[in-house]
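First comes the structure, then the notes that go with it.
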Amino acid sequence: MSVISVKNLFKKYESVEAVKGITFDVNEKEIFGLLGPNGAGKTTTLEIIETLREKTSGEVLVDSMNIETHANDIKK
């Protein structure tokens, strides 16, 4: 079962695409890392998952809860 599920995630700031359609799942008891150069969107992706930043489009579930409808529960 996925603890984190990210599907087709995009984050755009005016003309800059910080996150460009990434998709991944993190399963229970799995060690997962985001690797990439500076400016690749790693921090932005994590902040979206943590409900600290809004996404432009895509779907993010944390423990089967949608970040848009269960942000307070996810933050707990």
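Here, each number is a calculation from the coordinates, and none is a lab measurement. The model shown is predicted, which means the values in this text are computed figures rather than measured ones. Note: ideal-geometry Cβ built from the backbone for every residue, glycine included; neighbour counts use all protein chains shown.
What to note about this one:
- Taken one residue at a time, the phi angles of region 5-18 give Karplus couplings (6.51, -1.76, 1.60, θ = phi - 60°) of 10, 10, 10, 6, 7, 10, 9, 10, 10, 6, 9, 9, 8, 7 Hz. Gly and Pro are set to x.
- Placing a pseudo-label 7 Å from each Cα along the Cα-to-Cβ vector at Met65 and Phe10 gives an inter-label distance of 2.8 nm.
- For region 56-68, 3J(HN,Hα) computed residue by residue from phi via the Karplus equation (6.51, -1.76, 1.60; θ = phi - 60°) reads 7, 7, x, 10, 10, 10, 10, 6, 6, 9, 6, 5, 7 Hz, glycine and proline entered as x.
- Amide H contacts for Ile4 (H built 1.01 Å from N in the peptide plane; partners 5 or more residues away or on another chain; cut-off under 5 Å): Val26, Asp63.
- Backbone geometry of region 21-30 corresponds, through the Karplus equation with coefficients 6.51, -1.76 and 1.60 at θ = phi - 60°, to 3J(HN,Hα) couplings of x, 7, 9, 6, 10, 10, 8, 4, 6, 9 Hz, x marking Gly and Pro.
- Taking a sphere under 13 Å around the Cβ of Glu47 and counting the other residues whose Cβ falls inside, with K and R at +1 and D and E at -1, yields a net charge of +3.
- Summed side-chain charge close to Leu9 - residues other than Leu9 whose Cβ falls under 10 Å, Lys, Arg +1, Asp, Glu -1: +3
- Rounded to the nearest 20 debye, the dipole magnitude of the chain is 180 debye, with +1 charges on Lys and Arg beta carbons, -1 on Asp and Glu beta carbons, and the Cα centre as origin.
- Extending 7 Å from Cα along the Cβ direction at Leu52 and again at Lys76 yields two label points whose distance is 2.1 nm.
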